[in-house]
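Colleague: Quick one: this structure, given as C-alpha cells, is what I'll be asking you about.
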Amino acid sequence: MTLSRRQILLLLPAAVVAWDFVLAGTPEEAPNYKMTDHWWGMLLDITKCIGCGSCVRACSMENEVPDGYFRTWVERYHVDDWHIENPRVDSPDGGKEGFPTNGMTGGKNFFVPKLCNHCSDSPCTQVCPVGATFHTADGVVLIDYNYCLGCRYCIQACPYGCRFFHPDRHTAEKCTLCYHRISKGLTTACCEACPTGARQLADLKNPKDPIHAFLKTHAVQVLKPHLATGAKVFYNGLDGSVR
Amino acid sequence: MNGFRDSAHLIPIAALFLLGAVAFVALRAAVIPKSFGRYGPYRGDALQEITSRPLVYAGHEACEGCHPDVLEIKAKGVHAHVNCESCHGPLAKHADDPASVIPVKPDVATLCVRCHSENIAKPSGFPQVNAKEHTQGQPCNTCHQPHSPGFDPGGKK
Amino acid sequence: MEGFMYPNEVELQWSVLIVLYPFLTGLVAGAFILASLERVFRVEAVKPTYRLALLTALAFLIVAPLPLQLHLGHPERSLEMYLTPHRASAMAMFGFVYLWYLMAVLLLEIWLDYRRDIVLMAQSSTGLKRVMYRALTLGSTNISAGALRVDDRAGWFITLIGIPSAFMLHGYVGFIFGSVKANPWWSTPLMPVVFLFSAMVSGIALVLLMYMITSAIRRRAIDMNCLDTIANYLFYTFVIDFSLEMLDLIHRIYEADESFRSLDFMVHSRLFLSQIVLQIFVGTLTPLMLLALTQLVQFSEQVRKRIYAAAAILTMIGIFAMRWNVVIGGQLFSKSFLGYTTYKMGFVTKEGMLPAIILVILPFAILYVLIKILPPWQEETAAMIQAEGID
C-alpha cells in the first residue's frame with residue numbers, strides 16, 4: 001500500500017513510540033528505571049468492577065500462573081439487608097471465566113478483585129527466614145525464586161491469602177505487581193486488561209498520578225486495616241462485609 | 001598447677017568450638033551470594049532476574065502505534081477505554097514481529113457475553129443483557145461494531 | 001471445601017510433618033528439664049533417669065530436623081538459614097537456638113557426664129570400638145578426682161544455662177506460631193507458654209515410659225521413689241498446662257471476637273475427634289484424673305506402675321493431638337471466616353503418614369544405638385569395662 005507524504009508524517013511519531021514498546025517486548029533489563037522515584041500501589045474501584053475475569057486471565061497468561069492457583073482473583077459478594085457480618089461469597093475458579101448467574105436475588109451484590117496488597121509493613125517479609133521475599137525500594141514485595149527454601153512460612157503469615165506454593169518450582173509465589181512491566185513504564189497485565197478501569201496502577205510518589213486527586217475526593221479503604229499491614233491496594237466503595 | 005591439669009581436657013572442647021566458629025565465618029564468605037545485601041536484606045541479582053521476564057502483553061500504546069485507524073474509531077465510542085488486548089488477548093509477540101504472529105479474531109460468543117451478560121452483582125449502570133433473549137442466536141457483531149459498539153442494524157464493518 | 005475460602009487457601013501448606021516437629025522438639029525440652037531437676041535442683045530421687053533422659057533428648061534432637069527437611073520445597077538450600085538469617089524471622093533465629101542447644105548444651109553435658117566412662121571404655125576396649133571411644137575422649141585421659149570435680153562443676157553450669165536454653169528451644173516454636181497475626185487460631189501471647197508446658201508434660205511422660213520399658217527389658221527393679229517423683233512432676237506440670245489451655249479457651253469464648261464463630265464451628269466439626277475426644281478427654285482429663293487418684297489414694301506398687309504407664313501413654317497421645325490441632329487446625333478454616341477445607345494426608349508420599357510413622361520410630365532406634373555406646377546404667381558400664389578388660 002502506498003502512503004502519501006502526509007500519511008507518513010502522521011504515522012512517524014506513532015511508529016517511534018511503537019518501536020520503543022516493541023523494544024520493551026524483548027527480554028532485557030530496564031536501564032532507565034530508578035527505584036527510589038516510585039512508590040507503587042493500586043486503586044480498585046468496586047463501583048466499576050463487572051466481574052468479567054479479564055484481569056485474572058491476563059495475569060495468568062502474563063505470569064504463567066499454574067492452573068488452580070491465583071496471583072489475583074475476583075470474589076462475588078451477596079449481602080442480605082443489614083447482615084454485613086454474614087455475606088455469601090463465591091469465587092468460581094477465582095473468577096477466571098467470569099461469574100455464572102447464581103440465582104441470587106435481592107440484597108446487595110458486587111464484585112471484589114483481590115491481589116497482593118504490597119504492604120509496606122508486610123507480615124510475609126517479616127517472617128521469611130532467609131530474605132527470599134523482600135520489599136524493593138519502590139514498594140513492591142517480591143520473591144527470589146532462586147533463594148526461596150519453600151518453608152511456606154510467608155504463605156501462613158499473609159492475612160489476605162494472596163500467596164501460594166508453586167507446584168513446579170516448589171517455592172512461594174504471588175503477585176509481583178508485574179514488576180517486569182512497571183519497571184519499563186508499562187502498566188500491570190491486570191490493569192491493561194480491565195475493560196472498565198476498575199483496576200488502576202498507582203505511583204504514590206508521582207505527584208501527577210491521578211490517584212492523589214481520587215484519594216482526596218473518595219472514601220477508600222484497605223483490607224483488614226486492623227492488622228496494620230500498611231497495605232497499598234486501595235478500594236473505592238468497599239463494603240463492610242468484605243473479608 | 002594441679003588445677004590447670006585437671007581442666008586441660010576442656011581445652012580441646014574450646015578449640016573445637018573456636019574451629020567451628022572460624023569454619024562458619026569462612027563458609028559464609030565463600031557461599032553467600034555476592035549480590036546479597038546490595039539493595040537490602042536480599043539477593044540483589046533477584047531484581048534483574050525478575051525484571052528480565054519477557055512481556056506477554058504488549059500494552060495498548062504499542063498497538064496504537066501501528067493501528068491508528070482502529071484507535072480513531074475506538075476513541076469515538078463507549079469502548080474508548082477498553083484496551084486492545086483486553087479483547088484480543090496478549091500480543092507482545094505480534095508487536096515485536098507483526099508478520100510472525102497473526103492475531104486470531106476473538107470468539108464473539110464467549111467474549112462479549114463475559115462482560116455483558118446480565119448479573120445482579122454488576123453495577124446497575126453497566127450495559128448488560130440476557131444473552132439468549134437479546135441475541136436470539138445471532139452473533140453480537142451482527143448489530144454491534146466491537147470497536148465502537150453503538151447499535152447499527154446495518155451489519156458489521 | 002465448605003463455604004468460601006480465598007482460592008489459594010484450599011490446599012494446606014503445613015502437613016503432618018510440621019505437626020511432628022514441635023512434638024519431637026517438645027520431647028527434647030521436656031526430657032532435658034526432667035534431667036536438670038536432678039542436676040541443678042538436686043532432686044536426688046530422679047537420678048536413675050538422669051542419663052537416660054539426656055540420651056533420649058539427644059536421640060529426638062537428632063531426628064527433629066528431618067521432618068523439616070522432608071517438608072521444604074528446596075531442602076538443599078536449608079543452609080541459607082544459617083548463612084543469611086533474616087533477623088526479624090523467628091524461624092531463622094530458631095535455627096541458631098537449635099544449634100546452640102545441640103552443641104553447647106546437650107552434647108557438651110552428655111560428654112562431661114560420661115567422660116569418665118568413655119575414658120575407661122577407651123582403655124579397655126579393642127578394635128573399632130577402641131578407636132571410637134578414643135576419639136570421644138578428645139585426647140584427654142585424666143579422670144582424677146580433681147578432673148571429675150571440674151567436669152561436675154562445668155556440667156552443673158551448662159545445665160544451668162541449659163534450662164533457659166531448653167525453654168527457648170520450645171518456646172521459640174510456640175512463638176513461630178503465636179506471632180502470626182494473620183491466623184487467629186495461632187496468634188496469642190499464650191502460645192509459647194502453652195507449647196512449653198505441654199512439651200514438659202510430654203517429655204516427662206516419655207522419660208517415665210522409657211524408664212519403665214528399659215527396666216522391664218533389663219529385668220531390673222524399678223526405683224519406686226524415682227518413679228513416684230517423676231509422676232508427681234508430671235502431675236504438677238500437667239495441672240499448669242491444663243490451666244493455661246483452659247485460660248485460652250475461656251478467654252476466646254468470652255471475648256468472642258470476629259474469628260470466634262468460625263473457630264468454634266471448626267472445633268465442633270472438623271476437630272471434634274482430635275481436639276475434644278483425643279486431646280481433652282483421652283489425652284488430658286483422663287491422665288490428670290489417674291494421676292490425681294494416685295495423689296489421693298494409696299495404691300500398691302503394681303497398681304501405681306500400671307496407672308503411671310497408662311497416664312503417660314495417654315499423655316503422649318494427647319500432646320500429639322494438641323500439636324495436630326494447632327498446626328492442622330490453624331489451616332482448616334479460611335481467613336475470611338466463611339469456610340473450611342479438609343486435610344488430605346497421603347500415606348506413601350513425601351509428607352504422608354508413612355514418613356511420619358518412620359520419623360517417630362527413628363529416635364528410638366537412635367536411642368538404642370546411643371544406649372549401646374553410652375550405657376546409662378552404672379552396672380552395665382562396669383560390666384562392659386570388665387568384660388572388655390578380660391581380653
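The values are calculated or read from the model by the stated rules, or taken from the named source; none is laboratory data. Predicted, not measured: the structure shown is a model, and the values here were computed from it. Positions of Cβ are generated from backbone atoms using ideal geometry, with glycine treated the same way; all protein chains shown enter the neighbour counts. Accessible surface areas use protein heavy atoms only, side chains included; no ligands, DNA or RNA. Shrake-Rupley method; radii C 1.70, N 1.55, O 1.52, S 1.80 Å.
Colleague: How far is the Cα center of the stretch B:65-88 from the Cα center of the stretch C:1-58, in Å?
Modeller: When both Cα centres are located, 64 Å separates them.
Colleague: Express as a percent, rounded to the nearest 5, the fraction of DSSP beta bridges in chain A (both residues included) that run antiparallel.
Modeller: Here the antiparallel bridges make up roughly 85 percent for chain A.
Colleague: Using Cα-Cα distances under 8 Å and only pairs 6 or more residues apart, what relative contact order does chain A have, in percent?
Modeller: Result for chain A is 27 percent.
Colleague: Then there is this: Quick check: the distance between the Cα centres of the stretch A:180-243 and the stretch A:159-179, to the nearest angstrom?
Modeller: The stretch A:180-243 and the stretch A:159-179 have Cα centres spaced 20 Å from each other.
Colleague: As a test of the formula, what do you get for chain C when each DSSP H run with n ≥ 4 contributes -39,500 (n - 2.57) and the sum is divided by the residue count, at 222 nm and rounded to the nearest 500 deg cm²/dmol?
Modeller: Mean residue ellipticity at 222 nm (helix-derived): -23000 deg cm²/dmol.
Colleague: Okay, moving on. Among all the lysines, which ones have a C-alpha under 19 Å from A:LYS184's C-alpha, if same-chain residues fewer than 8 places away are not counted?
Modeller: By straight Cα distance, A:LYS184 reaches A:LYS34, A:LYS205, A:LYS208, B:LYS93.
Colleague: In addition: Counting only heavy atoms of protein chains, what accessible area per residue, in Å², does the stretch B:46-105 have with a probe of 1.4 Å?
Modeller: In whole numbers, the stretch B:46-105 has 55 Å² accessible per residue.
Colleague: So, in Å, what gap is there between the alpha-carbon centers of the stretch C:181-198 and the stretch C:301-359?
Modeller: Answer, in whole Å: 17.
Colleague: Buried accessible area between A and B (1.4 Å probe, both chains summed, ligands and nucleic acids excluded), in Å² to the nearest 100?
Modeller: 4200 Å²
Colleague: Note down the relative contact order for chain C as a percent, whole number, built from C-alpha pairs under 8 angstrom at least six residues apart.
Modeller: Normalised by residue count, the contact order of chain C is 29 percent.
Colleague: Considering only DSSP states other than H, G, I, E and B, which trypsin sites (Lys or Arg not before Pro) in the stretch C:26-104 qualify as loop sites with at most 14 other Cβ atoms within 10 Å?
Modeller: The qualifying sites are C:ARG42, C:ARG87.
Colleague: Then there's this: Can you tell me the Rg and Dmax of the stretch B:33-98, counting just the alpha carbons, in angstroms?
Modeller: 18.1, 54
Colleague: Go through B:ILE102, C:ILE328 and list them by solvent-accessible area, largest first, probe radius 1.4 Å.
Modeller: Of B:ILE102, C:ILE328, the descending order of accessible area is B:ILE102, C:ILE328.
Colleague: Shifting gears a bit: log₁₀ I(q)/I(0) of the stretch C:89-195 at q = 0.18 Å⁻¹, via Debye over equal Cα point scatterers, no solvent, to two decimals?
Modeller: -0.86
Colleague: For the C and B pair, go ahead and give the buried accessible area with a 1.4 Å probe, both sides summed, in Å² to 100.
Modeller: 1400 Å²
Colleague: Mind listing which chymotrypsin sites (Phe, Trp or Tyr not before Pro) in the stretch C:257-358 are in a DSSP loop and have 11 or fewer other Cβ atoms within 10 Å?
Modeller: Within the stretch C:257-358, the qualifying chymotrypsin sites (Phe, Trp or Tyr not before Pro) (loop, at most 11 other Cβ atoms within 10 Å) are C:PHE347.
Colleague: Separate question: May I ask you to evaluate 6.51 cos²θ - 1.76 cosθ + 1.60, the Karplus curve with θ = phi - 60°, for each residue of the stretch C:168-179 and list the ³J(HN,Hα) values in order in whole Hz, giving x for glycine and proline?
Modeller: 5, 3, 9, x, 4, 4, x, 5, 4, 7, x, 9
Colleague: Taking every residue in A:130-142, how many Cβ atoms of other protein chains lie within 10 Å of its Cβ, on average?
Modeller: Average neighbour count from other chains, rounded to a whole number: 6.
Colleague: Counting helices only, and only those DSSP H runs with n ≥ 4, report the 222 nm mean residue ellipticity of chain A as the sum of -39,500 (n - 2.57) divided by its residues, in deg cm²/dmol to the nearest 500.
Modeller: -6000 deg cm²/dmol
Colleague: Counting other Cβ atoms within 10 Å, which chymotrypsin sites (Phe, Trp or Tyr not before Pro) in the stretch A:34-118 have at most 13 and lie in a DSSP loop?
Modeller: Within the stretch A:34-118, the qualifying chymotrypsin sites (Phe, Trp or Tyr not before Pro) (loop, at most 13 other Cβ atoms within 10 Å) are A:TRP82.
Colleague: Another question, then. Quick one: plug the Kirkwood hydrodynamic radius of the protein assembly as shown (C-alpha pairs) into Stokes-Einstein at 20 °C, 1.002 mPa s, and report D in µm²/s.
Modeller: This corresponds to a translational diffusion coefficient of 71 µm²/s.
Colleague: Still on this structure, I have one more. Just need log10 I(q)/I(0) for chain A at q = 0.17 Å⁻¹, Debye formula, equal scatterers on the alpha-carbon atoms, no solvent, rounded to two decimals.
Modeller: -1.38
Colleague: Hey, any idea what % of the protein assembly as shown's accessible area is carbon plus sulfur with a 1.4 Å probe?
Modeller: Carbon and sulfur: 65 percent of the exposed surface of the protein assembly as shown.
Colleague: Follow-up question, since we're still on this one. Let me check against my output: what whole-number percent is the relative contact order of chain B, with C-alpha pairs under 8 Å and at least 6 apart?
Modeller: It rounds to 17 percent for chain B.
Colleague: Hand me the tally of lysine pairs in chain C: alpha carbons under 21 angstrom apart, and the pair either on different chains or 8 or more positions apart.
Modeller: Lysine pairs meeting both conditions in chain C amount to 5.
Colleague: Further question on the same structure: Please report the buried accessible area for the interface of C with A, total over both chains, probe 1.4 Å, in Å² to the nearest 100.
Modeller: What C and A bury together is about 3500 Å².
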